[in-house]
Amino acid sequence: MIYIVPDFQNPTGITMSYQNRVRLLEIAIKNRIIILEDDPYSKLRLNGEKMESFYQISREKFKNKDVVIAVRSFSKIIGPGLRCGYVLADRETIAYMNSWLQKELNTTDRISQRIVAAFLNSNYLPKQLEKIRKTYAPLRDQMIASLNNWMPEGVTWTEPEGGMFVWVTLPTAINSDRLFDKAITEKVAFLPGSKFYPKNHEKFNGMRLNFTYPTREQIRIGVKRLAKVVTDNK
Ligand SMILES: Cc1ncc(COP(=O)(O)O)c(C=O)c1O
């Protein structure tokens, strides 16, 4: 199975191009490999053109109903604690997944499912999406502007069109695990990039920054302080 997060991926915020989606689907179909499309973020698009999902492309362009299993989540668009989502796949696959889920969890949390169902039935989701996109866009813009303002030469970052994260790449000599200890003394936290690699294959010069929780002012001050810590440790 190929596991992918094609839209505003966690941790980099990167979105896979249409051409690469088609190419990967061709490879998967030819080699009879299932693609698991994990998509909690695509509805958090803040600008740019909406991208067709693997699920859509596989069905519409390739007329293939088996190659993609899509999993979607309400956690990032209704409430982070919900841990409630759904699967798009053929019935037989869903029945297998359901049977396995019962082994893992015994039963899923029905209270959050009922909350989500009531929310969707009341048609609150479109308004909620509009609201969170309006809230997040200036925060993302502030983070990019602050990185541009304060980060020293040699530091680069992604400029995501949505999602929640910006991925910063530091010069390879800087270890972000160590940088973290210094940053928190300045009251700035981030997720060190090493946490996203398999054990013993870590790279240490990445940082995941979240722009959806802090205020614009906190982002401005936080990035300025973080840039100083980076500069002092170059
Ligand atoms: C790529 C990805 N998939 C899934 C999840 C979790 O989704 P859920 O809250 O529905 O378990 C997250 C983050 O929490 C994520 O970043």
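The values are calculated or read from the model by the stated rules, or taken from the named source; none is laboratory data. Note that the structure is predicted; figures quoted are calculated from it, not measured. So basically every Cβ, Gly included, is an ideal-geometry build from the backbone, and we count neighbours across all protein chains shown.
List of remarks:
- Test set (1) within 11 Å of the ligand (Cβ to nearest atom); (2) surrounded by fewer than 20 Cβ atoms within 10 Å (Cβ to Cβ) - Ile29 fails condition number: (1)
- Those residues of the stretch 27-52 which are farther than 20 Å from Leu88 by Cα, in a helix (DSSP H, G or I) and not polar (S, T, N, Q), in sequence order: Ile27, Lys30
- Any hit, the stretch 109-130, residues being of a type in the set (A, V, I, L, M, F, W, C), touching a Lys or Arg at 6+ places or on another chain (Cβ under 8 Å) and assigned to a helix (DSSP H, G or I): yes
- Taken over the stretch 75-89, the residue count meeting the criterion of being out of contact with any strand residue (DSSP E or B) (no Cβ under 6 Å at 6 or more places or on another chain) and within 9 Å of the ligand (Cβ to nearest atom) is 7.
- Residue within the stretch 198-210 that is among the aromatic types (Phe, Trp, Tyr) and either under 19 Å from the mean Cα position of the chain (by Cα) or part of a helix (DSSP H, G or I) (or both) present: no
- Exclusive hit being out of contact with any Pro (no Cβ under 6 Å at 6 or more places or on another chain) and either more than 16 Å from the ligand (Cβ to nearest atom) or at pLDDT below 95 (or both), set Glu92, Glu37: Glu92
- Total residues in the stretch 206-224, condition under 11 Å from Met164 (Cβ atoms) and surrounded by fewer than 20 Cβ atoms within 10 Å (Cβ to Cβ): 3
- Of all residues making up the stretch 60-85, the number that are part of a loop (DSSP other than H, G, I, E, B), within 13 Å of Leu36 (Cβ to Cβ) and in contact with a helix residue (DSSP H, G or I) (Cβ under 6 Å, 6 or more places away or on another chain): 1
- Screening the stretch 67-102 for residues that are under 16 Å from the mean Cα position of the chain (by Cα) and basic (Lys, Arg) and picking the one that is farthest from Ser42 (Cα to Cα) gives Arg83.
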